[in-house]
Structures are given as structure tokens and as C-alpha cells.
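Have a look at the structure below before the remarks.
The values are calculated or read from the model by the stated rules, or taken from the named source; none is laboratory data. Note that this is a predicted model, so its numbers are computed, not measured. FYI the Cβ positions are ideal-geometry reconstructions off the backbone, even for glycines, and counts take in every protein chain you see.
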Amino acid sequence: MSTAGLALVLLAPALGMVAGLQTGGRLAHPARLPALLTGGAIALAVCLAVLGV
């Protein structure tokens, strides 16, 4: 892998985290918070199950 390829591989998760934080901040209104937390917990459980397989 070249240096440029490695830089892109290391940059991608950081950009994804910034985009996720921006989206989460917009979704986290007090009225929608229980649904957001429930959805996040379900998504986490699915991701862990996929990793386990």
C-alpha cells in the first residue's frame, strides 16, 4: 500500500465520525431522544452480531 493509500484509510474513519456527530446532534432533540437511543442500541447489537459471525 502506498503512503497516499494509507493516509486515505486513516482519514476515512475520522471523516465518518465527524459526519456522524453532526447528524446525531441534529437528531438529538429531547422529544426524539428515546427513539434515537433505542435505534442506536439495536444498531449496535446488529453490528456486534455481524462481527461475531
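Quick notes on this structure:
- Residue satisfying all of: in segment 10-32; more than 12 Å from the chain's Cα centre (by Cα) and surrounded by fewer than 10 Cβ atoms within 10 Å (Cβ to Cβ); farthest from Ala43 (Cα to Cα) among these: Leu10
- Residue check, Ala45 modelled with pLDDT of 90 or more and in a helix (DSSP H, G or I): yes
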